[in-house]
Amino acid sequence: MTTARYRRIVLKLSGEALSGEQGYGLEPKIIKSVAEQVKEISALDVEIAIVVGGGNIWRGKVGSEMGMDRATADYMGMLATIMNSLALQDGLENIGIPTRVQTSIEMRQVAEPYIRRKAIRHLEKKRVVIFAAGTGNPYFSTDTTAALRAAEIEAEVILMAKNNVDGVYTDDPKLNKNAEKYEQLSYMEMLNEGLGVMDSTASTLCMDNDIPLIVFSITEEGNIKRVVQGENIGTTIRGK
């Protein structure tokens, strides 16, 4: 069996990645595919934490455009991430992968509250841990959650799985056929060029804590395993 390059990872999934081509809600085939791919890397003795967005159900930005209070809209988005996390937990446990959901907003009947030491203990016991409800605070994205939790649990890398692009490009490849894909980038280059891979708060957290980020496509089966094993796919962002 090929060994993994990373011992402990944070897998960042956008909410849209779980909705498939329909662009909203949950697509059972996608949930099953993600769960199977997570099972593959679990078999490589990798400790796996997951952060899921909620954009397939609700976006705080939409609420703001409706005139809704920004904090209220963001809290609604956090609840959407909990729904996605529970769906993913169910998909993982249906194929025999023990999984725990930890939420930043306390709801004990649904999931555990986020406790750093308990999360690390779950990982050491080879349970998948899904971090839901963002940081528990409005004005922070799930990208920032991924960066923060990765630093807290001392993850070696953040794997950012996309459903509509296979890396970071100089321009939108769907609109510009001449857009070129980056293989390597620094966080400073990403910020200075305004590439929009993740927000500046998340980028700064990753840069300050020396956590590399790999952006790749989740639509091709087996890509998560390829990245974990060190294959050069997608775009790697690191350092200054």
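The values are calculated or read from the model by the stated rules, or taken from the named source; none is laboratory data. All of these numbers come straight from a predicted model, not from anything done at the bench. Here the Cβ positions follow ideal geometry from the backbone for every residue, glycine too, while neighbour counts run over all protein chains shown.
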Practice task
Look through 37, 89 and report the one residue that is buried (at least 19 other Cβ atoms within 10 Å of the Cβ), among the polar types (S, T, N, Q), touching a helix residue (DSSP H, G or I) at 6+ places or on another chain (Cβ under 9 Å) and over 20 Å from residue 141 (Cα atoms).
Solution key: 37
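Quick grid of which residues meet (1) polar (S, T, N, Q); (2) modelled with pLDDT under 90; (3) more than 16 Å from the chain's Cα centre (by Cα); (4) buried (at least 23 other Cβ atoms within 10 Å of the Cβ):
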{"site": "23", "(1), (2), (3), (4)": "no, yes, yes, no"}
{"site": "32", "(1), (2), (3), (4)": "no, no, yes, no"}
{"site": "48", "(1), (2), (3), (4)": "no, no, no, yes"}
{"site": "61", "(1), (2), (3), (4)": "no, yes, yes, no"}
{"site": "69", "(1), (2), (3), (4)": "no, no, yes, no"}
{"site": "78", "(1), (2), (3), (4)": "no, no, no, yes"}
Completion exercise
Residue count, the stretch 126-162, condition in contact with an Asp or Glu (Cβ under 9 Å, 6 or more places away or on another chain), acidic (Asp, Glu) and surrounded by fewer than 24 Cβ atoms within 10 Å (Cβ to Cβ), comes to 0
Completion exercise
Of the residues in the stretch 157-184, those that are part of a loop (DSSP other than H, G, I, E, B), touching a residue at least 12 places away in the same chain (Cβ under 8 Å) and not polar (S, T, N, Q) come to 165, 166, 167, 183
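Condition check ((1) in contact with a Ser or Thr (Cβ under 7 Å, 6 or more places away or on another chain); (2) farther than 19 Å from residue 150 by Cα) across all residues:
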site	(1), (2)
173	no, yes
176	no, yes
183	yes, yes
187	yes, no
195	no, yes
200	no, no
204	no, no
224	no, no
231	no, yes
Problem - So residue 82, is it without any contact (Cβ under 8 Å) to a residue 24 or more places away in the chain and among the β-branched types (Val, Ile, Thr) - result: no
Fill in the blank from the handout: Filtering the stretch 1-27 down to residues that are without any contact (Cβ under 8 Å) to a residue 40 or more places away in the chain and of a type outside the set (Ser, Thr, Tyr) yields 21, 22, 23, 25, 27
Practice task
Could you figure out which of (1) touching a Ser or Thr at 6+ places or on another chain (Cβ under 9 Å); (2) surrounded by fewer than 20 Cβ atoms within 10 Å (Cβ to Cβ); (3) hydrophobic (A, V, I, L, M, F, W, C); (4) in contact (Cβ under 8 Å) with a residue 60 or more places away in the chain isn't true of residue 95?
Solution key: (1)
Practice task
May I ask you to verify whether residue 12 is among the charged types (D, E, K, R) and buried (at least 23 other Cβ atoms within 10 Å of the Cβ)?
Solution key: yes
